[in-house]
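Participant: My structure is below; once you've seen it, I'll send some questions.
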């Protein structure tokens, strides 16, 4: 009888550890951002659902990106926020999680599909070769653009 309890408890422990590992893997942060405005963190991706209040400029981890609702983590709370409520979005791993088509200032990388001259301001310029990747960061006064010759902007 004691052997059956040991087997049962061991099985439950293994199941609990496996479930915890799966949950941790599903909730890996892909991006980091800050709240642009005060908003209510939703429990579900719905306008009518309300949760805790998130203050302006709060650091937010984005677990899943969607153009309508992002699954986010604020402190130890997980819920949903609209992308337009977020700013200064940065990928935590630009190669695995390239930046989405965001309607605001962003940082990320660009991959060049052909040789491209890069210059501007006092910078006389250099040539980026096809296949090279450049990290970019939008400035407060700059407009976000994708250089000609870039295969993709992220």
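Participant: Checking residue 124 against (1) at negative phi; (2) loosely packed, with under 15 Cβ neighbours inside 10 Å; (3) out of contact with any strand residue (DSSP E or B) (no Cβ under 6 Å at 6 or more places or on another chain); (4) at pLDDT 85 or above, only one condition comes out false. Which one?
Facilitator: Checking residue 124 against (1) at negative phi; (2) loosely packed, with under 15 Cβ neighbours inside 10 Å; (3) out of contact with any strand residue (DSSP E or B) (no Cβ under 6 Å at 6 or more places or on another chain); (4) at pLDDT 85 or above, the one that fails is (4).
Participant: Quick check, is residue 69 under 26 Å from residue 134 (Cα atoms) and either crowded, with 19+ Cβ neighbours inside 10 Å or free of Cβ contacts under 8 Å to residues at least 40 places away in the same chain (or both)?
Facilitator: no
Participant: If you go through region 99-118, how many residues are modelled with pLDDT under 75 and assigned to a loop (DSSP other than H, G, I, E, B)?
Facilitator: Final tally of qualifying residues: 7.
Participant: Could you check residue 65 against (1) under 10 Å from residue 31 (Cβ atoms); (2) modelled with pLDDT of 95 or more and say which number it fails?
Facilitator: Result: residue 65 passes all but (2).
The values are calculated or read from the model by the stated rules, or taken from the named source; none is laboratory data. As the structure is a prediction and not an experimental result, all values here were calculated from the model. Counting neighbours? That spans all protein chains shown, and the Cβs are built from the backbone with ideal geometry, glycine included.
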